[in-house]
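Okay, so here's the structure we're looking at.
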Amino acid sequence: MQFLILLDRTRRESLTEQLVEQIRQAIAKGRIARGARLPSSRNLADQLGISRNTVVRAYESLILEGRAEARPASGIFVAEQTSAPVSPGPAAGPAPERPPIVPPPPTVDLELKRLAVRKERRMAVDFALDQTNPAVFPLKTWRRLVQTHLAHGATSHFAAANDPAGSPELRAAIAHHQSTARGLSVDAAQIIITSGRTESLNLIARMVLSYDARVVMEDPGHLGAYLSFRSAGARIISCPTDENGLVSDLLPERGCTMVYVTPSHQFPTGALLSAQRRKSLVAWARRNGSLIVEDGFGDEFHDEGKQLEPLSLLAPDCTLYVGDFTASLGSGLSLGYLIVPQRYAEAARLTKAVLDAGVSWLDQAVLAELLSSGRYASHLQRVRAHYRAGRNTLVAELRRWFGDVTLGGGNAGLQLFWQLPPGVPQARIFEHQARRGRIGVYSLDSAPVHDGETGDMAKRGILLGFGGLSERQIEKGIAKLSDIVDDALDDHLTEIGQLLIDLPPDRPPIPTARIRGMAASAKKHEPALTARRPTRPDFQTLAPFEHGSAMPFLKSIYHYPVKGLSGQPLSSVRLVKGKPFPHDRQFALARPGVPLQTGNPRWAKKGLFVMLMLEEALAKVKTHLDPETLQFEIRSGNQTILTVNLDEAGAKSTIEDYFHQLVPTLPAPPTLIRSKDGHFMDKPDSVISLINLATLRDLEERWGTEIDPLRFRANLYVDTGRPWEEFDWVDQEVRLGDVTFRVDRRNGRCGATNVNPASGVRDMDIPGSLRASFGHKDLGVYLTAETSGTIAIEDKLMRPFTAPKMPAAAGKLNGSAGRRFICRGCYYIYSEDAGVPGDGIAPGTTYQQLQENYRCPDCGTDKGKLRPHVA
């Protein structure tokens, strides 16, 4: 051990006293840890240049004070505990006559904070922009190559100084890779190895830019590049982008040193720079004597047939290419490269030598072997397929939950740029709401984006990275985002004004349904995501269907021609495979001023419509619409208030004026719209809702109040005689009449169920009561028609065998009672005392008794990744 001891031979105190005092202070201040071994008397004497006897006397004094202890054949150690007082340090000197001059503060750009990694609470699903999947890293190959290079000449390489430009082998391998992958003909001398994209940009700034040099950047563009160039004293000129990338026609003429572009996957919008604009940009650069900095962001991952000629191929004499291996191998590798024109090669090498002495020899050697052996090309094919599947899943899930979405970057890269649809709050609010629900998304304001704080793109743009997520995590994350938007509106966390419509007046608190005989939820760790599959409330264990029991059947059928208005009973209905329920929510009352086309409007989030969740007055009248004749009738009690035919001139205006009177809080009459080939249900996919009346009877008994089934506005009402069994049908098939259905998912209830359909009074809090009772707000399920056919009232329901998925625990293992296990994937905590009754895991079920295929209900991590947890 070595520690700082400063002895002064001019002081009055002896060297022994000084040594004892300084060791005391070091122990007291924690510079020497309790129980640490002190240097031997001989070593410490040699270190301090004093006699060994001086050190021996000092150690003896410390032992007498109880601060140190001698251990036979081991040495002198600091005592684990000591009560000896610490003598005060030397007295402070006289106060200075004048205050000292304060050193200058650090000149750190405040925008650098936006480049820093967020240190917030752990997200259940984080659509981070800088993550890749560690599972696709070629670990075995990398380890084998590391061992090979360590075994052959490693000592000499570690002892020798690195070439600042990088190892010749790696530069040659990159040159060959660029020739094969991008058609470039470059010499190894034109390639500089860097620690990544940031160092490459700083190298360019140091080599090319002078104070007040003019640099053109995309608007919006990459914040890191902006800061690198501005730190060199450059003046940044913004040039707009659109769906075809940088708008080359708007480039300034004359006086620009260089232009920075991301042509393969514009950051952040994901646009691909068109072939015409590439040629225009090259012509502009040559006409003005400007350099082009081509950032290869997203180059490695592109769809076949979508790649265009690189700028460095079109203009090799004036293009500097920035590349790295972050997307393909991971950010932790920290290896990148810069390709410069031939005349800049020597200047780049010298500038690199000024910045640093080069990167790790071993990493360069392994990567060079990976590239030259062809293993990297094979690896790239595998990871492209992996990330393409993730991207396709993300696109599909966004369309499933948010309808017709506008996306950028779908052809390359590891992120998508999503223009939020109507009915979703602005980007900053959406990001905040998502993070409250432990889902990480990124507005342009929080992402590393320059010039991303203003304009419509900033207000409505969200970045979603998918590289670090599994397909299951993507599915759960987007489903949760949809729930977050709906819940925020339901709980009045989102003002209607944020959805481009007016805010309804404040309402008194909603009473919560009285809960009888129900203990608090046993879940110790609140799940991050709802709608876990499969799960059910904690009061029942299902038994298999017995032939002697009553056969479940279809009790009633309803459709709701106008969203938010009365349901209409049917005796039978013909369903078409993959299509929504006929004439269900085909019409809707759009709020005044919302951005919806009236000719053939598309599906949109429910916040854009007049609806029961916010306008309970809609339930005070009963309506009927004949979908064939379009005859529309409004009644109040036994009195007919209005009868019109929607094909007649002026009929729409009459209906709109009436509902403006019925809901006077609307600033203007709503607009009656019709979807010709779609619907306006709360979810954009073609699902059919089902309620089990046995479940409602169970809730009535538990909560001690009657519940009108029409609160839930379902299409199908069945009676199975067994409450909650419908949750066990998820991902399985059921049959009614001639139609086979797939049970897609559980149905999370919204605030519309709080309104009594008979009185139009908001008299319950169904979602809140469900959460309080069971830890979720799910009631009923969604179906999709797998075959076409007709169903009718009294049709028998053929449902799957629903044996219990998890038997009750016979007893706890000795010594294992009360243990808790934490998921390494998302921090979910499984408690043996509590179990997970909602998943059929009874309290007292030990970790060993969990089935081998058990997975974390939050993130899907398998049982083997759960670790013992001590709070």
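The values are calculated or read from the model by the stated rules, or taken from the named source; none is laboratory data. Nothing here was measured: the structure is a model prediction, and the numbers come from that model. In this analysis, Cβ positions are derived from the backbone assuming ideal geometry, glycine residues included, and neighbour counts consider all displayed protein chains.
From Arg214, Arg206, Arg230, grab the single residue that is without any contact (Cβ under 8 Å) to a residue 60 or more places away in the chain, among the charged types (D, E, K, R) and farther than 17 Å from Phe297 by Cβ.
Going through Arg214, Arg206, Arg230 in turn, the sole match is Arg214.
How many of the residues making up segment 1-56 are of a type in the set (A, V, I, L, M), touching a helix residue (DSSP H, G or I) at 6+ places or on another chain (Cβ under 8 Å), surrounded by 14 or more Cβ atoms within 10 Å (Cβ to Cβ) and free of Cβ contacts under 8 Å to residues at least 40 places away in the same chain?
The number of residues fulfilling the criteria is 6.
Hey, can you tell me all the residues within segment 186-196 that are in contact (Cβ under 8 Å) with a residue 60 or more places away in the chain and either of a type outside the set (Val, Ile, Thr) or assigned to a helix (DSSP H, G or I) (or both)?
Hits for segment 186-196 are Asp187, Ala189, Gln190, Ser195, Gly196.
Any residue that is under 30 Å from Leu380 (Cβ atoms), of a type in the set (D, E, K, R) and buried (at least 19 other Cβ atoms within 10 Å of the Cβ) - is there at least one of those in segment 429-451?
no
Yes/no matrix, rows are residues, columns are (1) surrounded by 19 or more Cβ atoms within 10 Å (Cβ to Cβ); (2) modelled with pLDDT of 95 or more; (3) assigned by the TED database to the domain that holds Ile484:
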| residue | (1), (2), (3) |
| --- | --- |
| Arg749 | yes, no, no |
| Ala752 | yes, no, no |
| Asn756 | no, no, no |
| Ile766 | yes, no, no |
| Leu770 | yes, no, no |
| Ser773 | yes, no, no |
| Asp778 | yes, no, no |
| Val781 | yes, yes, no |
| Ala785 | yes, yes, no |
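Given the residues Gln266, Gln276, which is the only one that is of a type outside the set (Phe, Trp, Tyr) and in a loop (DSSP other than H, G, I, E, B)?
After ruling out the rest, the residue left standing is Gln266.
I'm told Ala33 meets every condition in (1) at pLDDT below 90; (2) more than 21 Å from Leu6 (Cα to Cα) except one. Can you identify the failing condition by its number?
(2)
Being out of contact with any Lys or Arg (no Cβ under 8 Å at 6 or more places or on another chain), among the small types (Gly, Ala, Ser) and free of Cβ contacts under 8 Å to residues at least 60 places away in the same chain is the filter; apply it to segment 291-322 and report the residue that is farthest from Val441 (Cα to Cα).
In this case the residue turns out to be Gly305.
For (1) in contact with a helix residue (DSSP H, G or I) (Cβ under 8 Å, 6 or more places away or on another chain); (2) not in a loop (DSSP other than H, G, I, E, B), each residue gets a yes or a no:
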position: His157; (1), (2): yes, yes
position: Ile174; (1), (2): yes, yes
position: Gly233; (1), (2): no, no
position: Thr241; (1), (2): no, yes
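Give all pairs with beta carbons closer than 9 Å in which a residue from segment 455-484 that is free of Cβ contacts under 8 Å to residues at least 60 places away in the same chain meets a residue that is assigned to a helix (DSSP H, G or I) and acidic (Asp, Glu); count only pairs at least 6 apart in sequence or on separate chains.
Close Cβ pairs satisfying both conditions: Ile462/Glu431.
I'd like the full set of residues that are among the aromatic types (Phe, Trp, Tyr) and surrounded by 23 or more Cβ atoms within 10 Å (Cβ to Cβ), limited to segment 555-596.
Tyr560, Phe581, Phe587
Residue-wise test of (1) in contact with a Leu (Cβ under 9 Å, 6 or more places away or on another chain); (2) surrounded by fewer than 18 Cβ atoms within 10 Å (Cβ to Cβ); (3) under 26 Å from Lys555 (Cβ atoms); (4) not assigned by the TED database to the domain that holds Lys777.
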{"residue": "Ile655", "(1), (2), (3), (4)": "yes, no, no, yes"}
{"residue": "Phe659", "(1), (2), (3), (4)": "yes, no, no, yes"}
{"residue": "Pro664", "(1), (2), (3), (4)": "no, yes, no, yes"}
{"residue": "Ala668", "(1), (2), (3), (4)": "no, yes, no, yes"}
{"residue": "Lys683", "(1), (2), (3), (4)": "no, no, yes, yes"}
{"residue": "Glu700", "(1), (2), (3), (4)": "no, yes, yes, no"}
{"residue": "Trp703", "(1), (2), (3), (4)": "no, no, yes, no"}
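Give the residues of segment 621-665 that are of a type in the set (Gly, Ala, Ser), part of a loop (DSSP other than H, G, I, E, B) and more than 25 Å from Gly593 (Cα to Cα), sorted by residue number.
Within segment 621-665, Gly637 is the sole residue that qualifies.
Would you pick out the residues in segment 204-227 that are crowded, with 21+ Cβ neighbours inside 10 Å, hydrophobic (A, V, I, L, M, F, W, C) and assigned to a loop (DSSP other than H, G, I, E, B)?
Selection gives Leu209 alone.
Are any of the residues in segment 243-257 touching a Gly at 6+ places or on another chain (Cβ under 9 Å), among the acidic types (Asp, Glu) and surrounded by fewer than 24 Cβ atoms within 10 Å (Cβ to Cβ)?
Checked against the condition, which is being touching a Gly at 6+ places or on another chain (Cβ under 9 Å), among the acidic types (Asp, Glu) and surrounded by fewer than 24 Cβ atoms within 10 Å (Cβ to Cβ), segment 243-257 yields at least one hit.
Within segment 460-511, work out how many residues are modelled with pLDDT under 90 and in a loop (DSSP other than H, G, I, E, B).
The number of residues fulfilling the criteria is 17.
In segment 183-203, what residues are within 29 Å of the chain's Cα centre (by Cα) and either modelled with pLDDT of 95 or more or surrounded by 22 or more Cβ atoms within 10 Å (Cβ to Cβ) (or both)?
Arg197, Glu199, Ser200, Leu201
Counting only residues that are in contact with a Gly (Cβ under 9 Å, 6 or more places away or on another chain) and among the small types (Gly, Ala, Ser), which one in segment 817-833 is modelled with the lowest pLDDT?
Per the stated criteria, the residue is Ala817.
When segment 666-691 is examined, which residues are found to be touching a Gly at 6+ places or on another chain (Cβ under 7 Å) and not in a loop (DSSP other than H, G, I, E, B)?
Those that are touching a Gly at 6+ places or on another chain (Cβ under 7 Å) and not in a loop (DSSP other than H, G, I, E, B): Ser689, Leu690, Ile691.
Filtering segment 127-155 down to residues that are in a helix (DSSP H, G or I) and among the polar types (S, T, N, Q), which residue is modelled with the lowest pLDDT?
Looking at residues that are in a helix (DSSP H, G or I) and among the polar types (S, T, N, Q), I get Thr155.
Taking segment 834-848, which residues are in a helix (DSSP H, G or I) and surrounded by fewer than 21 Cβ atoms within 10 Å (Cβ to Cβ)?
Once the filter is applied, which keeps residues that are in a helix (DSSP H, G or I) and surrounded by fewer than 21 Cβ atoms within 10 Å (Cβ to Cβ), segment 834-848 yields only Asp839.
Any residue at all in segment 138-160 that's β-branched (Val, Ile, Thr), touching a Phe, Trp or Tyr at 6+ places or on another chain (Cβ under 7 Å) and crowded, with 17+ Cβ neighbours inside 10 Å?
no
Taking segment 385-397, which residues are surrounded by fewer than 22 Cβ atoms within 10 Å (Cβ to Cβ) and hydrophobic (A, V, I, L, M, F, W, C)?
Correct list: Ala385, Ala389, Val395, Ala396.
From (1) hydrophobic (A, V, I, L, M, F, W, C); (2) part of a helix (DSSP H, G or I); (3) buried (at least 21 other Cβ atoms within 10 Å of the Cβ), pick out the condition that doesn't hold for Leu710.
Of the numbered conditions (1) hydrophobic (A, V, I, L, M, F, W, C); (2) part of a helix (DSSP H, G or I); (3) buried (at least 21 other Cβ atoms within 10 Å of the Cβ), the odd one out for Leu710 is (3).
Can you tell me which condition Gly721 does not meet? The list is (1) buried (at least 20 other Cβ atoms within 10 Å of the Cβ); (2) outside any helix (DSSP H, G or I), and all the others hold.
(1)
Against the definition (in a loop (DSSP other than H, G, I, E, B), among the small types (Gly, Ala, Ser) and either surrounded by fewer than 18 Cβ atoms within 10 Å (Cβ to Cβ) or in contact with a Pro (Cβ under 9 Å, 6 or more places away or on another chain) (or both)), how does Ala357 come out, yes or no?
So Ala357 fits the description; yes.
I'd like to know if segment 798-810 contains one or more residues that are modelled with pLDDT under 95 and assigned to a strand (DSSP E or B).
Looking for residues that are modelled with pLDDT under 95 and assigned to a strand (DSSP E or B), one finds at least one in segment 798-810, hence yes.
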